[in-house]
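The structure appears below as structure tokens.
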Amino acid sequence: MQKSISVGLTSFLAFSTVAGGAEAPDTIVVTANRTAQPLSRVGQSISVVDAEDLATRQTETVADVLRTVPGVTISRYGGIGSLTSVFIRGAESDQTVALIDGIKLNDPSAPGGGFDFGNLLAGNIERIEVLRGAQSVLWGSQAIGGVVNVITVSPSETPHANARAEYGYRNTAQFVGNVSGKAGPLSASAGAGYLRTDGISAFSEARGGSEKDGYRNYGANANVNLALSDTISVDLRGWYSHGHVGLDGYPPPDYAFADTRESAITREVVGYAGLNAALFDGRFHNRLGYAITDTRRRNYNPDNAPVETFAGDGRNERIEYQGVVDLADRWQVTFGAERETTHYTTASPYGPTTSGRVSIDSGYGQLVATRSGASPRPAGSATTTTAASAATPASARAESTRPTTARPRSGRATARASRPPRCSSCRASTAINYCAPNGRADGMRVSRSGWSAIRSKRARPTSAAIAAT
């Protein structure tokens with residue numbers, strides 16, 4: 001059994017919102033402080049992809065949506081549905097916490113306890129919040145790179161239904177439907193989706209790969225809220241996914257990468273039940289909940305003996321309490337305690353069966369103070385925050401939030417007006433008024449002429465800056 005306590009202190013200006021400045025300051029986010037907050041009171045670097053953006057893009061998978069988010073890199077081993085990893089700010093994929101409706105998705109049976117985004121479709125998703133940087137105080141020690149919170153369609157006040165069907169190249173077909181509404185104290189939303197495609201050869205069609213690695217997935221989600229009174233309510237949430245994808249590997253006798261008939265089946269089930277209570281005229285919000293994530297993975301190859309080449313089962317159960325207190329205007333405390341129990345088993349004909357069980361008892365606390373009288377955050381500036389955690393000594397440092405903009409290079413006063421802006425880090429002349437100081441490039445874009453000016457001074461762009469462009 002492991003025990004940990006995390007305490008954070010956050011203080012930031014009201015204009016410190018989201019890196020890149022694309023979102024309006026009154027946009028409400030829930031991932032940054034584990035409670036609904038406007039961006040004007042959030043100091044972390046966060047990006048939001050809302051329902052309108054998702055409808056405009058018509059993207060099939062969440063991973064393809066995340067490709068467009070600054071500071072996020074995607075790696076996929078093959079076509080749609082194959083193993084997909086998400087890297088935030090250069091951290092390892094297993095250092096990204098994946099959530100759906102606030103419920104942890106990470107698979108304990110996967111190497112490092114990471115999450116495979118390959119089966120996470122964008123069909124019934126209402127918004128995606130990407131929180132960059134270490135968030136271990138509120139989201140645990142695994143949140144080193146950041147947090148991705150996928151939020152499904154919430155219940156609506158009036159009856160609402162939508163459905164769409166698509167068909168395209170390589171026999172790709174998709175169907176998505178959702179219904180939502182409210183009847184008295186009960187509000188609910190439920191949806192389902194199906195996707196299939198003949199796919200491509202994960203080996204390489206350009207190198208002679210002819211065996212297509214197809215993919216099919218069907219899933220469902222539900223969100224139910226029952227208001228017992230004006231201050232007490234019950235939340236029930238669920239998500240289900242079943243994916244089947246073709247794989248390529250290293251068949252005998254050459255054991256070189258080539259087409260194979262191997263396939264992988266992944267079944268994921270997520271459930272949550274919670275009780276919410278608001279006390280003292282809504283100034284003290286309490287939540288007591290139970291969440292479970294169950295993942296089952298199987299690999300099969302009909303040309304092998306035995307046919308089953310891998311089996312993995314992972315389960316994560318959490319009992320948690322969270323309290324949010326509005327101490328005064330612009331002062332808020334978030335605290336909580338949770339018990340997380342993890343089970344996993346992996347088996348393969350090429351090695352021994354491994355299994356394990358781990359229980360972690362933890363507590364956390366965060367004080368947020370927002371300075372009043374701040375002006376709106378200027379466009380093009382960047383905000384960087386670092387959380388302090390008593391459980392992680394290496395990251396136990398004060399949280400700083402500082403808008404970073406370029407300043408003119410010192411020189412003669414008569415020549416300053418005609419000089420191009422300078423990078424505040426490498427001092428190279430750029431075509432825009434910011435670069436990538438200290439390797440942070442969330443929301444920043446450097447033009448072609450800007451990079452040319454930097455290269456002329458032998459200042460190599462950082463990997464984070466390249467990812468942002």
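The values are calculated or read from the model by the stated rules, or taken from the named source; none is laboratory data. Just so it is clear, the model here is predicted, and its values are computed rather than measured. Ideal geometry is used to build each Cβ from the backbone, glycine not excepted, and the neighbour counts take in all protein chains shown.
Let's see how each residue does on (1) at pLDDT 95 or above; (2) within 22 Å of G191 (Cα to Cα); (3) hydroxyl-bearing (S, T, Y):
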position	(1), (2), (3)
T68	no, no, yes
A91	no, no, no
Q95	no, no, no
P108	no, no, no
P111	no, no, no
G114	no, no, no
W139	no, no, no
I151	yes, yes, no
P155	no, yes, no
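Among the criteria (1) over 23 Å from L99 (Cα atoms); (2) out of contact with any Lys or Arg (no Cβ under 8 Å at 6 or more places or on another chain), the one N301 does not fulfil is (2). Within the stretch 202-235, the set of residues being more than 14 Å from I100 (Cβ to Cβ), assigned to a strand (DSSP E or B) and hydrophobic (A, V, I, L, M, F, W, C) comprises V224, L226, A227, I232, V234.
For the stretch 46-161, give me every one of the helices (runs of 4 or more DSSP H) that falls completely inside it and has 3 or more residues that are surrounded by fewer than 19 Cβ atoms within 10 Å (Cβ to Cβ) and not assigned by TED's automatic domain parsing to the domain that holds E211. Working first, answer last.
Values: elements: 51-57, 62-66, 136-139.
Per the criteria, 51-57.
State all residues of the stretch 184-198 that are surrounded by fewer than 20 Cβ atoms within 10 Å (Cβ to Cβ), not in a loop (DSSP other than H, G, I, E, B) and not polar (S, T, N, Q); if no residue qualifies, say none. Lay out the reasoning, then the answer.
Narrowing the stretch 184-198 to residues surrounded by fewer than 20 Cβ atoms within 10 Å (Cβ to Cβ): 184-188, 190, 192, 194, 196, 198.
Okay, now just the ones that are also not in a loop (DSSP other than H, G, I, E, B), so 186-188, 190, 192, 194, 196, 198.
Within the stretch 184-198, L186, A188, A190, A192, Y194, R196, D198 meet the criteria.
Once the stretch 319-358 is narrowed to residues that are of a type in the set (S, T, Y) and surrounded by 13 or more Cβ atoms within 10 Å (Cβ to Cβ), the residue that is farthest from R298 (Cα to Cα) is T334.
Scanning the stretch 199-210 for residues that are surrounded by fewer than 16 Cβ atoms within 10 Å (Cβ to Cβ) and not hydrophobic (A, V, I, L, M, F, W, C) yields a count of 5. All told, R287 falls short of being at pLDDT 95 or above, farther than 19 Å from E340 by Cβ, under 25 Å from the mean Cα position of the chain (by Cα) and of a type in the set (K, R). Annotation: L226 fulfils all but one of (1) within 30 Å of E157 (Cβ to Cβ); (2) crowded, with 17+ Cβ neighbours inside 10 Å; the unmet one is (2).
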